[in-house]
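Taking it in order: structure first as structure tokens, then the write-up.
Rule-based calculations on the coordinates, nothing more; no lab input. If you're wondering where the values come from, they're calculated on a predicted model, not measured in any experiment. No Cβ is skipped: glycine too gets one built from the backbone with ideal geometry, and neighbour counts run over all protein chains shown.
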Amino acid sequence: MDRTLKALSLILSYPTRELQHAMPEISAVLASDTRLTAAARRALRPLVEELAGRDIYDLEEQFVLLFDRSRTLSLNLFEHVHGESRDRGGAMVSLIETYRDGGFDPATSELPDHLPVLLEFLSTRPFADAKETLADAAHIFEALNARLVRRESPYGAVFACLLQLAGVRADEKTVADMLAQPDDDPTDLDALDEVWEESEVLFGPDPNAGCPQARDMLARMDTPLTPEPASHAAE
């Protein structure tokens, strides 16, 4: 198992007391990974310290405001390429099949494109394959990092680390186009109600429709991967 990807999956998950208790071990894993620069590891410290020591209710409220109420900071990756269109449903079906083919059965109610779920899956794969998938999502990580830095959130450091692990530079024009979209304000509840107006996600059979970037990500993820001997379920 790639312990760093697993650690990043955990710290992007909804805060719990169990997560707080695990933060010393998570911190040690992240601090020892030389694939990350010393600067990137230092940048993670404020978030690690906050998750370890801040009041759990404050952490929960902060997480909801950032990632649940703000569509432009959604941790559901296909939200950033498909929105709520039928194309997203097809991509989701393909991703579920990829998980099943890899023997991965996430024990969560989150959607399959939820980033912590994807990172947990990638932590069970050979790093070369995980790196390709991270590279496919580099433009999303760059945009999320920029938006979080703008809000002075320590969570931005996680996305900077994911970019380093991906080993690529995000396409500047794609990132600029994403950042040109209005950044929703999680404290403006009326505006959020408008943005999040109920829209059905249709799980259609065609995973090849829609955005080319999402197709590229799925094309690579659909490539059969050789399971590692160790099971993530034991972690």
For segment 97-161 and segment 8-82, distance of Cα centres in Å = 12
How large is ³J(HN,Hα), in whole Hz, for each residue of segment 93-104 in order, when computed from phi with the Karplus curve 6.51 cos²θ - 1.76 cosθ + 1.60 and θ = phi - 60°, using x for Gly and Pro?
-> 4, 4, 5, 4, 5, 4, 4, 5, 4, x, x, 9
Give me the Kirkwood hydrodynamic radius of segment 43-82, using the inverse of the mean 1/r over all pairs of distinct Cα atoms, in Å to one decimal.
-> 11.4
Between A107 and A28, 0.36 nm times their residue separation minus their Cα-Cα distance comes to what?
-> 25.9 nm
Determine, for each peptide in 172-183, 123-134, 2-13, the mean count of other beta carbons within 10 angstrom over its residues, then list the peptides with the highest first.
-> 2-13, 123-134, 172-183
What residues have an amide H closer than 5 Å to that of N76, excluding those fewer than 5 places away on the same chain, when H is modeled at 1.01 Å from N in the peptide plane?
-> L115
Which Cα, out of L66, A7, A28, lies furthest along the positive dipole direction of segment 1-136 (beta carbon charges, K/R +1, D/E -1)?
-> A28
